[in-house]
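Every number in this text was worked out from the coordinates using simple rules, so none of it is lab data. These numbers were taken from a predicted model, which means no experiment stands behind them. Neighbour counts run over all protein chains shown; Cβ positions are idealised from the backbone, glycine included.
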Amino acid sequence: MSQSSRFMPHEVPSAVSGEANAPGPRWARRLLSVGVDPDPRFSLANERTFLAWIRTSLGMIALGVGIATFVSTNAARGFSMLVAAILVVLGGILGTLSWFRWLNVERSMRLGRGIPPSRTAIYLAMAISVLAMLSLAVILTVS
Amino acid sequence: MNTEPDLPSDMSTGLQAERTSLAWSRTLVVVAAIFGIISVHALVTTQPWPLTLATTATAAAVLTGSTPIARRRLDIIKRDLHRHTAVRAATPTVAVSGLTSLASILALITIIAQSH
């Protein structure tokens, strides 16, 4: 089994379980006071994945605002505003869910478990597909 | 057959700190851009001036702070790696997640106000 295919607790003397060794401020220690310090590379990868999710959610918000900005001359104004609002709300929800995902993965790594499965990407893809199909239908109807 | 190379025995972190710091830079620039877009949208659709001012100020603050924040993140990660302690990310992740939610709320307010 490859070493990188499983979580390896960071093998240093200070890596013991308990609140005293958990990272961050008090509220973070409360949330992360389990298990042992994971390999820092996994923690950093988790952090970068969180940031990628945040950028995805920001992209959705930008798309929503963009649609709302350029909709003034569009015949399907109501639908466009609805799509814009849905995208913005989805972006906000995704931004919040990203943090909980980061927390879950961090806790799993501290406990030496595998990464918990996430359905967020599937739901996101489905939501975008539905919005795209509805938008296409409206564009074809209006034109 | 497993073709994945084995990791170095000293658990070297290589350029991980730098990559993470750059990811923070990118994200903060995008955050600033989003607040800028919301600000322009609020201006174009003649929203109340406090909303425009708040979004513009947030965009400027995030853009100005993006480089120092990313630099500080790099220093903290390097320090944690050097001390062999867990990498601390709870506070910055909460902050950027909160900023994203704030951007979403402000964008929704401008869209709702525009549609009325």
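Which residue is nearest to the chain's Cα centre (by Cα), if the candidates are limited to segment B:71-80 and must be of a type outside the set (V, I, T) and surrounded by 20 or more Cβ atoms within 10 Å (Cβ to Cβ)? Full working, then the answer.
Of all residues in segment B:71-80, those of a type outside the set (V, I, T) come to B:71-75, B:78-80.
From what is left, the residues that are surrounded by 20 or more Cβ atoms within 10 Å (Cβ to Cβ) are B:73, B:80.
On the way: B:R73: 11, B:D80: 20 Å.
Only one residue tops the list, namely B:R73.
Taking the conditions exactly as written (aliphatic (A, V, I, L, M) and more than 27 Å from B:A17 (Cα to Cα)), does A:V89 satisfy them or not?
Values: aliphatic (A, V, I, L, M): yes; more than 27 Å from B:A17 (Cα to Cα): yes.
Judged against the criteria, A:V89 is a match.
How many residues are within 20 Å of A:A121 (Cα to Cα) and free of Cβ contacts under 8 Å to residues at least 24 places away in the same chain when one looks only at segment A:31-61?
So the count comes out to 5.
Which ones in segment A:74-111 are outside any helix (DSSP H, G or I) and farther than 20 Å from B:I112 by Cβ?
So the first thing to find is which residues in segment A:74-111 are outside any helix (DSSP H, G or I), and the list is A:74-76, A:111.
A:A75, A:L111, listed by residue number.
Could you go through segment A:101-114 and let me know if any residue there is within 9 Å of chain B (Cβ to nearest Cβ) and without any contact (Cβ under 8 Å) to a residue 60 or more places away in the chain. Step through it out loud before you land on a result.
Taking segment A:101-114 first, the residues within 9 Å of chain B (Cβ to nearest Cβ) are A:102-103, A:106, A:110.
With the extra rule that they be without any contact (Cβ under 8 Å) to a residue 60 or more places away in the chain, the set shrinks to A:102.
Yes, segment A:101-114 has at least one match.
From B:V29, B:V96, B:V40, B:V87, which residue is within 7 Å of chain A (Cβ to nearest Cβ) and either surrounded by fewer than 19 Cβ atoms within 10 Å (Cβ to Cβ) or in contact (Cβ under 8 Å) with a residue 60 or more places away in the chain (or both)? I'd like the intermediate steps shown before the answer.
Numbers: B:V29 fails: within 7 Å of chain A (Cβ to nearest Cβ); B:V40 fails: within 7 Å of chain A (Cβ to nearest Cβ); B:V87 fails: either surrounded by fewer than 19 Cβ atoms within 10 Å (Cβ to Cβ) or in contact (Cβ under 8 Å) with a residue 60 or more places away in the chain (or both).
Testing whether each residue is within 7 Å of chain A (Cβ to nearest Cβ) and either surrounded by fewer than 19 Cβ atoms within 10 Å (Cβ to Cβ) or in contact (Cβ under 8 Å) with a residue 60 or more places away in the chain (or both) leaves just B:V96.
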